[in-house]
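This report concerns only the one structure given below.
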Amino acid sequence: MNKWIGIAILSALSGCALAPEQPAENEAAAVKPEGLDFRVNRNTVIDEEVLYLLMAAEMAGQRNQYDLAMDAYLQAAKRVNDPRIAERAVKIGLFLKDERRTREALSIWLEKDGKNLGARKFAVMLALKNGDRSAAVDHLNAMLNDDPAGFEAGMLEMAKILEKEGRVQFAYDVLDELARQRPDQAGLLFVQAVFASLLPNNELAQQKIDRALELQPDWNKAVIFQAQLAGRAGDMAKARQFLEKAVKQAPDDKQLRKMLLEVLINTGGFDEAIKLCQSVLEDKPDDPETLFMLAVIYLQQNQSDKAENYLEKLVSNPDWESQASFYLGKIEQERQRPDKAIAWFDKVGEGNYAFDADMAALSLLMAQKRFDEVESRIGRMETKYPDRRLRVLLAKAELFNQQSNYSEAFGVLSEALKEVPDNREVLYARALVAERLDKLDVLEADLLKILEKKPDDIAALNALGYTLTDRTNRYSEAEKYLEKALALQPDEAVVIDSYGWLQFKLGKPEQALVYLRKAYEKQAENEIAAHIAEVLWSLGEQKEAKEFFEGVYKKFPDDEYLLEFKKRFLQVTP
């Protein structure tokens, strides 16, 4: 994906199920009961004994004596025609995880208020938790009869709880039995699709949502979920088709437009995305989200001038200043204007883009060898980003590395490994520094630790194979690592170079030259150039070696690999 992309493509399509409109409430694990401001219904007849039970229940609850409170509420619920007393008993029973008394209180609640959706949800949850298929079907049927819309919302609330408890398959089977009784209920099919997606069974979920849309073709929520399923399956063309249909049905739906824009960008439909954004701007010329989306699209197309125009419109908007400044900095970085880029990065300030902006500025300063500024910025970042300590330590190690202060870099990375002993990035960074310090035992141990957890880590395979080739005579071991790296990534220039260098060390210079030249064609790196020159020299092609070397050396007179070749073969001390 293009390096400019700055939004989470398909963020709305990557979830496993459509989120409920309201936050899910975990009925199965009720919160600690609080005191109840209890007022009986106006028509409720209440005697002194019941009043005493209610007062006793409240006092027990205030003293955290919930067993006593539960008993008192249960007795009162049986004697008073007010469902709220039974509801109170149910919630305390759930808090106590007392299934027997909870079921008893729930029966009373349903008896007194059978159409109460909350009571039915509790009943369904208990039935599903206990594997009681018959009771679950009965309660779900009642929910559908009394409140079809509430049924859908209630089941979506329960989905996350059931997923945590490993009861999704059973819940789906119950829903399937219910669907056989009610084959033309679109809402039930939608809920089935969501539960199928949690199993996860994407194909089954798609079948159910397709059937729901046959019954209710203009149901946008179902169309959105259909697009989510297509996105999860990697079929972006189909996701785009579904969302375009939904936007036609609801052109003013902001969420739908945003989802469609993301899919259009991901599928390369830039022209359509631009038209969609411009149609929004016709009604709302200053809509910041659309302005930002247009900037992102133009960055995707490498049209930085157009992107810059839209980003500059956002700089004066406090809610969008940070991201606009960040991307304006990236544009200047791409234009090779480091000072202007750093100025934009420094305007980012706080928020989600702040750390990335500070790291980008560090990188530019590092490239300019402005090490004093880098050091002072790293000091500020250590205070500013305590939760990003590891990344800052890696930056500090790179600073020392750039200054050829390898001992300090090694110390910083070793300190970091005390906190995160298995971190791949720190292990790899320390291995590279260890090579500079001739600590080949540390290098090997760190790279092997990476490979122990991830045997196909190409960078670690290549680094270990190359080091064993270049710094030892353990060529058979090196060959094992490099052949594996080459099989995994046959077009990677640095791997091809390492394998070519191994052939040279094995006494096969002609074969080595084939690999090295192939690597240089793919990536004209100075180290590869130095290898080619050395192999040519060993083959007696000193004139060609010298001409090739000088052509590269003119461009990079300070490169360490080229200077080393010059010293060794041209008898010139740098």
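Numbers at a glance
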quantity: Under 20 Å from the Cα of Lys518 - lysines, other chains or at least 8 residues apart; calculated: Lys484, Lys505, Lys508, Lys546
quantity: Euclidean distance between Cα centres, region 360-406 to region 194-228, Å; calculated: 49 Å
quantity: Crossing angle, helix 168-181 versus the chain [Cα axis fit, 0-90 degrees, rounded to tens]; calculated: 50 degrees
quantity: Cα gyration tensor shape of region 286-338, rounded if a/c is under 1.5, else prolate or oblate by comparing a/b with b/c; calculated: oblate
quantity: From the coordinates shown, Cα extents along the principal axes in Å corresponds to which of (i) 84, 63, 44; (ii) 103, 77, 45; (iii) 111, 56, 47; calculated: (iii)
quantity: Phe410 accessible area, assembled protein chains, probe 1.4 Å, Å²; calculated: 30 Å²
quantity: Between 0 and 90°, nearest 10: helix 83-96 axis offset from the chain longest Cα axis; calculated: 40 degrees
quantity: Accessible surface, the chain, averaged per residue in Å² (probe 1.4 Å); calculated: 50 Å²
quantity: Solvent-accessible surface (1.4 angstrom probe) belonging to Lys160, in square angstrom, nearest 10; calculated: 120 Å²
quantity: Dipole of region 380-497, positive direction: furthest Cα of Leu440, Ala429, Ala463, with charges on the beta-carbon; calculated: Ala429
quantity: Whether region 351-487 is rounded, prolate or oblate, judged on the alpha carbon gyration tensor where a/c under 1.5 counts as rounded; calculated: prolate
quantity: The chain: calculated mean residue ellipticity at 222 nm from DSSP helix runs of at least 4, using -39500 (n - 2.57); calculated: -23000 deg cm²/dmol
quantity: For region 175-295: relative contact order, % (alpha-carbon pairs under 8 angstrom, 6 or more apart); calculated: 14 percent
quantity: Protein accessible area in the chain, 1.4 Å probe - carbon and sulfur %; calculated: 47 percent
quantity: Within region 51-186: Cβ-based charge dipole about Cα centre, in debye rounded to nearest 20 (Lys, Arg +1; Asp, Glu -1); calculated: 360 debye
quantity: Relative contact order for region 78-200, counting Cα pairs under 8 Å that sit 6 or more residues apart, in percent; calculated: 18 percent
quantity: Global geometry of region 186-236, whether rounded, prolate or oblate, following the gyration tensor of its Cα atoms and the 1.5 cut on a/c; calculated: oblate
quantity: Contact order relative to length of the chain, as percent, for alpha carbon pairs under 8 angstrom and 6 or more apart; calculated: 6 percent
quantity: Degrees between helix 148-164 axis and first principal axis of the chain (Cα, 0 to 90, nearest 10); calculated: 50 degrees
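The values are calculated or read from the model by the stated rules, or taken from the named source; none is laboratory data. Bear in mind the structure is a predicted one, so any value in this text is a computation, not a measurement. Reconstructed Cβ throughout: ideal geometry from the backbone, glycine too, with neighbour counts over all protein chains shown. Please note that ligands, DNA and RNA were not included when accessible areas were found on the heavy atoms of the full protein model with its side chains. Shrake-Rupley method; radii C 1.70, N 1.55, O 1.52, S 1.80 Å.
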